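First comes the structure, then the notes that go with it.
The values are calculated or read from the model by the stated rules, or taken from the named source; none is laboratory data. This is a predicted model, so every value here is computed, not measured. A quick note on method: Cβ atoms are made from the backbone with ideal geometry, for glycine too, and the neighbour counts reach across all protein chains shown.
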């Protein structure tokens, strides 16, 4: 069964309800979209944990990079996936072993994996695909 597109109310609830975000695929390069979204979310008061195994321990925007979801030092409300669609399955599998489970898996623009999304949804995780939280934040008038 395909994942249902979230309504504006769903997106508003998610963006006001989450506090901790793990950003898988965060980049230290200011010209990359993930850097801009990381900066935006941090400025809005979210605790964002950048995940990039090639950058572990390096500083970025007042925080440091982590190697994987399991290394994040507190429960994760939302996993924001800034990777290609073929990486979503492994991110979901990694998220499914966390305790507690994240509340939301969110994939960025043009990033979709319906099978992985269905697996996450079956475990009780809300899924948003092919959207950017920064764009939705502005669109919803926060």
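Among (1) surrounded by fewer than 16 Cβ atoms within 10 Å (Cβ to Cβ); (2) within 13 Å of the chain's Cα centre (by Cα); (3) in a helix (DSSP H, G or I), which single condition is residue 86 missing? Exception for residue 86: condition (2). Of the numbered conditions (1) in contact with a strand residue (DSSP E or B) (Cβ under 6 Å, 6 or more places away or on another chain); (2) at positive phi; (3) in contact (Cβ under 8 Å) with a residue 40 or more places away in the chain, residue 25 fails exactly one; give the number of that condition. Tallying (1) in contact with a strand residue (DSSP E or B) (Cβ under 6 Å, 6 or more places away or on another chain); (2) at positive phi; (3) in contact (Cβ under 8 Å) with a residue 40 or more places away in the chain, residue 25 fails exactly one: (1). Among the residues of region 99-133, those that are under 23 Å from residue 67 (Cβ atoms), out of contact with any helix residue (DSSP H, G or I) (no Cβ under 6 Å at 6 or more places or on another chain) and either modelled with pLDDT under 95 or in a loop (DSSP other than H, G, I, E, B) (or both) comprise 99, 100, 101, 103, 108, 125. Screening residue 37 against (1) in contact with a helix residue (DSSP H, G or I) (Cβ under 6 Å, 6 or more places away or on another chain); (2) under 20 Å from residue 116 (Cβ atoms); (3) in a helix (DSSP H, G or I) leaves a single unmet condition, (2). Quick check, is residue 54 in contact with a helix residue (DSSP H, G or I) (Cβ under 9 Å, 6 or more places away or on another chain) and under 21 Å from residue 87 (Cβ atoms)? No; evaluated as a whole, the condition is false for this residue. Only one entry in 29, 19 is closer than 22 Å to residue 87 by Cα and surrounded by fewer than 18 Cβ atoms within 10 Å (Cβ to Cβ), namely 29. Here residue 95 meets each of (1) without any contact (Cβ under 8 Å) to a residue 40 or more places away in the chain; (2) over 22 Å from residue 67 (Cβ atoms) with one exception, condition (2).
The number of residues in region 68-94 that are touching a strand residue (DSSP E or B) at 6+ places or on another chain (Cβ under 7 Å) and over 14 Å from residue 129 (Cβ atoms) comes to 7. Taking only region 110-134 into account, find how many residues are without any contact (Cβ under 8 Å) to a residue 24 or more places away in the chain and either within 19 Å of residue 46 (Cα to Cα) or within 14 Å of the chain's Cα centre (by Cα) (or both). Of the residues in that region, 1 qualify.
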